[in-house]
Each structure stands twice: as structure tokens, then as C-alpha cells.
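Worksheet: the structure to be examined is printed underneath.
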């Protein structure tokens, strides 16, 4: 605001002009804090780490009788052989020694269970195991009847194996497959020849010819013709022969599978079971279990199809009673690899969960690689069938996700995608059936708590954005609004995510989130741990996004909901202060005062951010309930009681005071507000002083406030602040002084306390790095010198000469803008130099020069 005589300077607005919204850059950091309408920052609500690892922490809304247990007993008798035959439900006593491997059979009917002596040659064992992994598929080698429509080259089938199975028995190679002699004899009887078609017919080897009928072994050409005739069935028999060939091939394959399995079981698995039987040292048993896992993997015996799986599982189940955590983890890994289901899957997940409750076992879990097995359960098993097993499985993952050592491994193995896929399944099931899966609420608590830990990683945040996870989490909140634990966990996730710009934009663009958050505030108004996070999220969404401010304000009951929450916690705060003042003890169930204040801090931040929107800001400034709550906070709260709340409240009033509207409650109560600000100005808190001066900058556009400032000698304090050597404080103080100099009667105040010298000092110290502050100094000096007749008598000889030197130098573009290596910052400085500083400084320089007699050359300043 300049005098009427200086309107030729154009749009030289006072310091309270709002800045034009633009993307935040490194240069914007300089001016962001001094904008008339400013967002307010605050810390994310603190979540204390739980002392004990449980499915549900002490803050859970679930009662002990309405939630699955975190502690339980687990024994070998807890498992069932549901994959084969049920075992007795009788609880077994803990084993003193290790369980024995299957005993040697007493009859000859079960040779596969016998413990034969291992072959002498270790190389033979290796060949057996490798042959098992590359088992010959007979069906692909048997010459089936030809498809007459294909070329002869396509129909010819002559495949011969490249591997030979070595055992202690003598081996015979039949049709490219090696079998023991006993199996080979039976094979030759049923397969005297391997026939090929397509016009060809292979040579009969000597050992094969010996087995041919006499009418085929002799006769020269006649025998050859008979052989050809035998090799070419009639077309009417084609279908029957094809069926028989396939059946025989399948049967032959099964025989070979069985024989190779028997060999591998007896030579590789049974010796390890002997070790488990006789070994009494737990460490050695663990080593044997590791060997067993590797052997089963090498022999392709993992999964649910292995025929001796039930025998193996019973042996493993019995070892659970040993009670060693390290052994139990190894057992669990093998059991999961054998693809158990239902109750056994539940019990093995409980077993791992029980071990993971002890934080000291994290290293065991990491070393054994059990995480991958758990994630595979979640990835491959059916959710509806195994909801309770998933509960303990995810519970384990939740525990170890709190350990930073696991974060990268979890995320790289797809934990984020797996959890979000399960959440999506639950959402879809609830949408279709209108009812939740049994225990799905309990499971969602574990999954959302795990995600809460994972989102600390930038990679996890990126994955969540790429799979559009935020809307899915909002759907969960909408479907489970009655489950406070689920809603609180998701609120914690969002409070972390929305601290980052890209995540904040993604959530803000989901328009349904605003109504959802308002619904939760209304439903859980006195639940501090949930509402404080919801309000914090709203503060993040409205901090930089004008569209988010508008969308939120358009939701039905948005402002009344915030005000109702503000009123509720203000009453709680007042009641708590009264109890403390009277020496009463607060009930344990009552929300601690610091937590009450935290809600109020977050609420004032939302109101301050909303006020940046012109339409919303004017409405809030005219709302007596809003202004009343803010002023009430300043009345009963001192900055020593709660610094952040008082500063945020003052910043909110500053944003509202920007709007010069007729029905503004701020304008009606401006003198009362100025009185309240005096408390801040008299404090030792520089942040509080800065906020108070900013409000005075807006209010001092009013003549009554200017009178109040002079009457209370506040102007002397403002002049003293010019020596603070703090750019923002000097900027704000200079802004108030500028408004005071609009009144001609008050310009003389700059003579008090060396005001002119201090303004010139600010220009000298901050001009080259802060052209906005330099502009304000020039505007103030311009108003002060309106009726100048002599520059020296107006400013004094020393200050006049300093001004001439500084203004001449600062108006030289090369000198003024040469000093920044950051091109973006340099462009920012140039913009403010050209649009704000240069027009005013040039006019001020011209005025001084025209009213000054130069007695000697002016020195060239150095910067």
C-alpha cells in the first residue's frame, strides 16, 4: 500500500500478497515460508513399538475372548495324517529319544520298506539320483500307430535313451530303456519287437532275434514278408492297437517310476532316517533334516504326489516334540514343502508363528529361508479353505517385517503383491456375498499391519502405486468400518504414504476417500489413535492440492465434522488441564493430554490448509464457530504449554485474516486478536514471534490496528526485530512497518530506535539473496520519503550515501544476479528482481538523486 502520489509505481503490493500457485521447486523454498497463505507442517503421529509380539497388541479393540490366541500348546499329537489315514487323537508323551525310522519288514511282501545295504560305489548312487530327475518317459518313446495323413518322416519314431540306471543288479537295455533282468524278461515276453512305420523296418539285434518265434526267425524273404505283415495291422484294428499301446506305455512308465523311486528312497532317504533314529544331539538332527530336505528336492519327492509322503510326514511330526526352535523350523520347512493341507497346514503355521514370537529367533528364520515357504503358502493355497492357517502365517510375516533386515527380502520376493492380492480376494468375496469370510477381519489386521511396516521402503511404495493398491485399501476401510483395528492399521499406512507427494496425489485422486474419512471421524470421534491419523492424512491431502481442498469441502458435513471433533477434544483438553490444576489423578482410560493436543494440532493444520482456497477461506473467516474455537485455543493455551498447537492456531488465523470480506469474524474481532498476539510477541519463542508478526502484517492494513501497534509501542519491538539477522523475521517486521508508513502521521516512528539505519542494513545484508525483502525495504523507504525536500535531512548523510551506492549496484543486472550456480535458483532471483525490486528501487534511486547534492564520488561497494 503506497500513498496516492506514488500510484505511478503500479502493482507494488504489500508483503501480504498471496503467491501464485506453482509446482514446488528448490527456489520456492526461499519464499514458501513467507507467503500470506501458508500450509502448516506437523509430524506424523507416533506409533510406539509393542513390547511383545502378539496377533493383537494392547491397543486392540478386540477382547481376549473374541480373538484368536497368540499363545498355545503344540505337540506331535496336534497333527493328523489327513493326506493318508487318520492317526490316533490320543496325545502322546514327549519322546525321550529321537523317533525311529520305519522298521525293516518281517515279510517278503513289502520289499520297498526294507533297508538294503547301500551300493559300494558312491558314483552309482549319484547316477541313480540324477536318473530320477530325468526319468525316461516311455510314452514318448513307444512307436505308436501312424497317422496316415502325415508324411512318413513325421510318423517315424525311434528314440533311444542316453542315460543308464546303475544298480547292484545286472541291467538290460530294452527299447532304449534300461531295466533289471527280472523286469526285462517280462518286457520281452509282451514286447517281442519294436516296430516302426513309414515304410521302414529296423534290423533285429541278435539278442532280440533269439526271442523271435521260429516262423519269423527263418525263411529268408518269406520270413521278412511275414515280419512285414506282422508289423502292419489292418486299418480296422488301428483304434484298438493305439489304445493298447498307450495303456502299455503308461503301465511301463509307472513301473519304471516305481523302481527308480524305490532305489532313491532306499539309497538316499532311508540312511538319513537312520540318522534321525539314532542321533541324540539336536544340532546333528538339524543337520540331518537339512540333508533330508536337499535329498527330497533332488529326488523330486517334494509336493503332494510322493507315495511315501505319509510315512515321512508322521516321522517329521513326531520330531516336533523335541521342542527345539531351530529343529522345528527345519521340520516346518520340509512339511510345507510336502504340501500339507487343512489342519496340518494350520498346525505347521502355528508352529512357525510360535517360534517367531521370540525376536531372538529372527536370525534362525532368516538363515533357514522360511520366509519364502510362508509366502508360497499365501501364494498357492486357497484362502477360503485355509483362512486360519493364513492368519498365523501372515502373523509371522508381520513380526519379522518389523525387523529392517527382512524388508528388502520380503519386497523382492513379492510380499506386497501377495498381500494385496489376498486383500483383493477378501474385498471381492465381501462384495459378492455381503458377508465376510470367517476370521477375515483378524486376517486383515495382520496383513495391514505387515503392509504398515513394508511401506517404509521406497520400493514397496512404488509397488503399491503400480498396482493401484490405495483404492483397494479404501475399499477395505469401507467394508470394515466396524473393525477399528483394521481401520487404524490402514490409517497408519496412509499416514506414512501421504507424507510422499506421489502417494498423496494418488490417494487424493480417489474421490471416495473423503467421505470415507469423514464417516470414520464421526464413528470414532473419541478414539484418539484413529482420528488423529485420519486428520493427519487430510492435512497431507490438502497441503498442496487445491482440488483436494475443494473436493473435501464439498462433502456433506465436512466442516461441521471437523468443528465437532475440534470441540470434543478442546473440552477434553480443558477438563484435563482442570484436573491437573486441582491435583486430581487422571483415570487410566482417559486420553492423555499430549494425545488430545496432538489431535488439535492436526485439526488446526487442516483448517489452515483449507483456508488457502479462496472460496473456503472466506467462508471459514466468516464462520463464528471456526474463529471462536481458534481464539479460545489462544486464550487458554500458552506457547510454553504446547508450542506447536499455539503456532498452528496462529498460522490458521493468519490465513483467515488475509481475506478482507465484510462479514469476516476475524475483522470484527481484530483488536481482541491483536491483544492475544501480544502474549506471543513477549515470549522467547522466535517461531511464535514470527507467526504473531505475520498476523499483524495482515491486520495492520486496518487503521485501528495501526493505532493499537503504536499505542502499545509494538512498533519499537518491530524495529528491534530488524537486527535479528533472520530473513523471514526481518521480512515480516518490515511488512508491518510498511503498512504503518501509509499513514503520514506514523512515518516518524522510523526515526525511533534507528529504524532507517536498520532498514538500510537489511537491504545491504539480504538484498543480493532476497529481492523480495529488498523490495519491501524500498517500499517502506519510499513511503517514508514521500514529502522529501532533502535526502540528507530525510535519511541522514551516511544512510543516504549508502542507499545511493547500494541501489546503483543492485540495479546493475550483471552485478546483482551474478552469484548463483543453480540455474533454477538464478531464474527465480531474476524474476523477483525484475518484477518486484527493480521498479521500486529505480524510483527510489531517482528520488534520492534528485534531492541530494553530491559532494564527493561514491565508493563502489564490494559484496
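Between residue 425 and residue 716, the distance separating the two model label sites (each 7 Å from Cα on the Cα→Cβ line) works out to 7.7 nm.
With all pairs of different C-alpha atoms in the average, the Kirkwood value for the hydrodynamic radius of the stretch 649-701 is 11.0 Å.
Using 10 Å bins from zero, what percent of all Cα-Cα pairs in the stretch 501-562 falls into each bin? Here the calculated profile for the stretch 501-562 is 23, 58, 19, 0.
So if I take the alpha carbon set of the stretch 606-759, get Rg, then get Rh from the Kirkwood formula, what is the Rg over Rh ratio? The partial results should precede the final answer.
Values: Rg = 15.1 Å, Rh = 15.7 Å.
Rounded to two decimals, Rg/Rh equals 0.96.
The Cα center of the stretch 308-376 and the Cα center of the stretch 507-551 differ in position by 42 Å.
Taking 0.36 nm per intervening residue step and subtracting the Cα-Cα distance, what contour gain separates residue 278 from residue 343 on full extension? It would help to have the intermediate numbers written out before the result.
On the way: separation 65, 0.36 × 65 = 23.40 nm, distance 2.96 nm.
Length difference between fully extended and current span is 20.4 nm.
Estimated from the Cβ-Cβ distance and a Förster radius of 25 angstrom, the FRET efficiency linking residue 366 and residue 291 is about 0.75. Mean silhouette area of the stretch 771-825, derived from the convex hull of its C-alpha atoms and averaged over all directions, reads 4.5 nm².
For the stretch 717-759, take the alpha-carbon Rg, divide it by the Kirkwood Rh, and send me Rg/Rh. Before the final figure, lay out each step's value.
Details: Rg = 9.8 Å, Rh = 10.3 Å.
Checking Rg against Rh, the ratio lands at 0.95.
As a length-normalised measure over Cα pairs under 8 Å and 6 or more apart, the relative contact order of the stretch 706-863 settles at 23 percent. In this label model, residue 376 and residue 525 are separated by 5.3 nm, measuring between points 7 Å along each Cα→Cβ vector.
Would you please classify the overall shape of the stretch 706-863 from the alpha carbon gyration tensor, given that a ≥ b ≥ c denote the square roots of the eigenvalues, rounded means a/c under 1.5, and beyond that prolate means a/b larger than b/c while oblate covers the rest? Could the numbers behind the result be given before it?
Working: a/c = 1.93, a/b = 1.24, b/c = 1.55.
Cα axes put the stretch 706-863 in the oblate bin.
Per Stokes-Einstein, at 4 °C and 1.567 mPa s, what whole-number D in µm² s⁻¹ belongs to the stretch 380-440, with the Kirkwood radius over Cα pairs as the hydrodynamic radius? Numbers along the way, then the final one.
Numbers: Rh = 12.7 Å.
D = 102 µm²/s.
Peptide packing: for 519-530, 440-451, the average count of neighbouring Cβ atoms within 10 Å per residue gives the ranking 440-451, 519-530, highest mean first.
Values quoted throughout were computed directly from the atomic coordinates according to the rules given, and no laboratory measurement underlies them. Keep in mind that this is a model prediction, so the values were computed, not measured. Neighbour counts run over all protein chains shown; Cβ positions are idealised from the backbone, glycine included.
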